[in-house]
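Take a look at the structure below.
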Amino acid sequence: MSTGIKNLLHTLDSLDFLKLDRRTFMKAVGVFGATTFLGTYKTEIVSALEFAETKIIWLHGAECTGCSESILNGGNPDIVQAISKLNVNLAYHETLLAQQGLFVDGEPVNTSELNSELLVDELIEEGNYILVVEGAIANGPDGSGRYCVIGNRTFKELFGKAAARANAILAVGTCATYGGITCADSAIAEVTDYRGVAFTKENSSKGMLTELGIHKPVINIPGCPAHPDWILLTIGAVILGKIKIPDDLETILDQYGRPTVFFPTDHTVHENCPRRGYYDRGEFDEQIGGEKCLWKLGCKAPYSHADCAIRRWNGSVSMCTQAGSPCIACVEPGFPDSARPFYVEAEDKGVLLGANIDTLSKAAVGAATVLAGVHAVRRMKGE
Amino acid sequence: MKPKDNPMVVERYTVLDRTAHTIHAVAMLVLIITGFKIYAGWDFMSFHNARALHMIAVPALLAVNWILIPYNIFSVSEGGVQEKIAHFMDHYVFGPEDAKRLNAIILNFFGKGEYPAFTIYDEVSGHYKTKLHPLMKILIVIEGTAIFVIAVSGIVIYRLDWALLGLPIGSWILSAGDLVAPAFNMSSLQFYRALHLVMTYFFVFELIVHVGILEFNPHVWKYHKAIFWSGKEDLSDSRYAEIVKPKPKQLSDSEIWHESSDTPSEVVKD
């Protein structure tokens, strides 16, 4: 542990956590894992909650549920411990709740005790909840949203209804934040027209909220999947009022709505990569399975703003590059298009008629050399 | 300016010109070599040494290009702002006359016509009217732009949050990149790194054109000596150089004939 972190911990030990200013709090959040953070301040957190519980409505759009799996895999604390410590009521989460949609003749039936469709409507009606969105929102075909229907209504409709009454909106995972894989360039991308909550790729004017005419700030937690710490600590900070929405957002989020404490604008994964030493020595793996720098295998860590290499994954024991896989820049707004081809060096991407910068430049340099040679011979011969 | 001992030898490059060119050339070579080392992982040097050399060469190159060369250009000419601008346009900006020369050079390359003179010295004013090869005039503009682009892209590669006097220049550059990069399916940083690489290749290309096409010619080697060492050009070697002689003074009839003793053959023209 670095001296700086030790000093910070020492400082925090001697302070009343609840009186920490937002800046110090965010620093602590950035340094600690969720486990340390929630464990250290359990008592204070619980006693600090001015309201009995905070409701969370967690909606799933077009996605793989990987982000939910990621948070469920957050081992210590697990999701139950975190919910308990933060006094959270995870009121609605489609893959975790017991209810399911019940329809007769196309209409929802029974009560919210059994029918998830009625439950979500009731929760939205009650208001006072944090909305967590996982997955992209289909706008196609032709703005109808019919490419993603859950129960008997479009996800676009459900999202719009929930977003309109939410106290705070968190988009979790790259699909929800920027459209992700669902809106990658393809023959059908224009027809399906998947959108992120506040952005579609890098474009904030194409977020679903704008499409629906809802003007609410959003905290984006991208990643494919998002790290459990990023999700839990952000939710925790919002619940504890350490992130005041919307007042604090301008100072704690980057231009793509990501908390800079987890997605630092001045830092890339490459800088703390466990394989960085190999890069510095110019030692690169040419095929998967080696121990050297993965850059030549298409690693996008030099372009990815995330604290993966500091925080690590799977209980802080590993991360993609450590496990041997090149970073694919899954936290970046242009993902996956901006990271494709995943296993080709970024500068080797085709830029003109399929040729990459190196090839085109070498051709130009070669042509210049030939011309120079011919010119030189002619001049020497006095022609 | 003509040295007193030989009126045909004139100063082609001042000491500052030569100093600027030498620093420029060395810095550029260091940047290209260390840049490719960093990019491609060449194993002839450690990453840290390459980076350190790279970062030493950057301010040298920028200082020469953005301070010394502009100072040279505008200090060497006499007169006011208009005269200085006219001097700059004549000497460094590709104009119609340069287009004609370039056309003749291309024709000559294909075996038609003579290689034109591109250095024009005016004996009356004692200064060059123009001295650069027309291709160099094109390259200078492109190179100036390339240096600006590679410097800007280099800032964010060096440090994402680079600031100058508290101004978040790095963030501004990245934000500007965000406007363009998505069109190339790249993130801003990715775009700038690619741009940096393209510009590096441009400098290699330019080096080949500059040294290879312009200078890899025994008759042009006199200019190598001039730019790196002597600064002088001997105008008696007329290859690629043309001297504008003073025009003969036109005398009026009365000046010629007003003294009856003179005969036309005795009138001496200047």
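When you look at A:K244, is it open to solvent by 40 Å² or more (accessible area, probe 1.4 Å) and without any contact (Cβ under 8 Å) to a residue 12 or more places away in the chain, yes or no? It is false that A:K244 is open to solvent by 40 Å² or more (accessible area, probe 1.4 Å) and without any contact (Cβ under 8 Å) to a residue 12 or more places away in the chain.
With respect to the conditions (1) open to solvent by 70 Å² or more (accessible area, probe 1.4 Å); (2) under 30 Å from B:I155 (Cα atoms), B:H127 lacks only one, and its number is (2).
For segment A:309-348, a residue qualifies if it is assigned to a helix (DSSP H, G or I), open to solvent by 40 Å² or more (accessible area, probe 1.4 Å) and away from chain B (no Cβ under 12 Å), and exactly one does: A:I310. In this structure, B:L68 qualifies as in contact with a Ser or Thr (Cβ under 8 Å, 6 or more places away or on another chain) and touching a residue at least 40 places away in the same chain (Cβ under 8 Å).
Can you tell which of B:F36, B:F47 is closer than 30 Å to A:W295 by Cβ, within 14 Å of chain A (Cβ to nearest Cβ), in contact (Cβ under 8 Å) with a residue 24 or more places away in the chain and open to solvent by less than 40 Å² (accessible area, probe 1.4 Å)?
Working: B:F47 fails: in contact (Cβ under 8 Å) with a residue 24 or more places away in the chain.
Just one listed residue meets the conditions, B:F36.
For segment A:212-224, the set of residues classified as modelled with pLDDT of 95 or more and open to solvent by 20 Å² or more (accessible area, probe 1.4 Å) consists of A:L212, A:G213, A:I214, A:C224, listed by residue number.
Applying a threshold of 7 Å to beta carbon distances and a minimum spacing of six or more residues, or different chains, the list of pairs starting in segment A:143-172 at a residue that is assigned by TED's automatic domain parsing to the domain that holds A:I245 and ending at one that is among the acidic types (D, E) reads A:G145/A:E157; A:G151/A:E117; A:V172/A:E134. Taking the listed residues B:L61, B:L16, the one that is in contact with a Leu (Cβ under 8 Å, 6 or more places away or on another chain), surrounded by fewer than 17 Cβ atoms within 10 Å (Cβ to Cβ) and more than 14 Å from chain A (Cβ to nearest Cβ) is B:L16, with no other qualifying.
Looking at B:L132, B:L179, B:L164 in this structure, which one is loosely packed, with under 15 Cβ neighbours inside 10 Å, more than 12 Å from chain A (Cβ to nearest Cβ) and of a type in the set (A, V, I, L, M, F, W, C)?
Values: B:L132 fails: loosely packed, with under 15 Cβ neighbours inside 10 Å; B:L179 fails: more than 12 Å from chain A (Cβ to nearest Cβ).
B:L164 is the lone residue from the list that is loosely packed, with under 15 Cβ neighbours inside 10 Å, more than 12 Å from chain A (Cβ to nearest Cβ) and of a type in the set (A, V, I, L, M, F, W, C).
Taking segment B:198-246 as the search range and keeping residues that are without any contact (Cβ under 8 Å) to a residue 24 or more places away in the chain, in a helix (DSSP H, G or I) and within 11 Å of chain A (Cβ to nearest Cβ), which one is most open to solvent (accessible area, probe 1.4 Å)? For segment B:198-246, the residue satisfying everything is B:W221.
Can you name every residue in segment A:266-286 that is surrounded by fewer than 18 Cβ atoms within 10 Å (Cβ to Cβ) and either in contact with a helix residue (DSSP H, G or I) (Cβ under 8 Å, 6 or more places away or on another chain) or within 24 Å of A:S204 (Cα to Cα) (or both)? Talk me through it step by step, then tell me what you get.
Filtering segment A:266-286 for residues surrounded by fewer than 18 Cβ atoms within 10 Å (Cβ to Cβ) gives A:266, A:271-272, A:274, A:276-277, A:280-281, A:283, A:286.
Residues satisfying the conditions are A:D266, A:E271, A:N272, A:P274, A:R276, A:D280, A:R281, A:E286.
Is one or more of the residues making up segment A:53-66 part of a helix (DSSP H, G or I) and modelled with pLDDT of 65 or more? Yes, segment A:53-66 contains at least one residue that is part of a helix (DSSP H, G or I) and modelled with pLDDT of 65 or more.
When segment A:364-383 is filtered for residues that are at the interface with another protein chain (Cβ under 10 Å from one of its Cβ atoms) and open to solvent by 50 Å² or more (accessible area, probe 1.4 Å), the ones remaining, listed by number, are A:A367, A:T369, A:V370, A:L371, A:V374, A:V377, A:R378, A:M380, A:G382, A:E383. Within segment B:74-98, being touching a helix residue (DSSP H, G or I) at 6+ places or on another chain (Cβ under 7 Å) and open to solvent by 30 Å² or more (accessible area, probe 1.4 Å) holds for B:F74, B:K84, B:F88, B:Y92, B:V93, B:F94. Pairs linking a residue in segment A:194-210 that is within 11 Å of chain B (Cβ to nearest Cβ) and under 10 Å from A:P333 (Cβ atoms) to a residue that is outside any loop (DSSP other than H, G, I, E, B) and open to solvent by 60 Å² or more (accessible area, probe 1.4 Å), with Cβ atoms under 6 Å and 6 or more positions apart or on different chains, are A:T200/A:K206. Taking the criterion of being touching a Phe, Trp or Tyr at 6+ places or on another chain (Cβ under 8 Å), in a helix (DSSP H, G or I) and aromatic (F, W, Y), the residues of segment B:36-81 that qualify are B:F36, B:F47, B:F74.
Within segment A:146-192, how many residues are open to solvent by 70 Å² or more (accessible area, probe 1.4 Å), in contact with a helix residue (DSSP H, G or I) (Cβ under 8 Å, 6 or more places away or on another chain) and not in a helix (DSSP H, G or I)? Qualifying residue count, segment A:146-192: 3.
Yes/no matrix, rows are residues, columns are (1) in contact with a helix residue (DSSP H, G or I) (Cβ under 8 Å, 6 or more places away or on another chain); (2) of a type in the set (A, V, I, L, M, F, W, C):
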position	(1), (2)
A:M319	yes, yes
A:A323	no, yes
A:I328	yes, yes
A:S338	yes, no
A:P341	no, no
A:A364	yes, yes
A:L371	yes, yes
A:V377	no, yes
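For segment A:247-260, the set of residues classified as away from chain B (no Cβ under 13 Å), within 21 Å of B:W162 (Cα to Cα) and open to solvent by 40 Å² or more (accessible area, probe 1.4 Å) consists of A:E250, A:T251, listed by residue number.
The values are calculated or read from the model by the stated rules, or taken from the named source; none is laboratory data. Quick caveat: nothing in here was measured; it's all calculated off a predicted structure. Here Cβ is always computed from backbone atoms with ideal geometry, including for glycine, and neighbour counts include all displayed protein chains. SASA here: full protein model, heavy atoms, side chains in, ligands and nucleic acids out. Shrake-Rupley method; radii C 1.70, N 1.55, O 1.52, S 1.80 Å.
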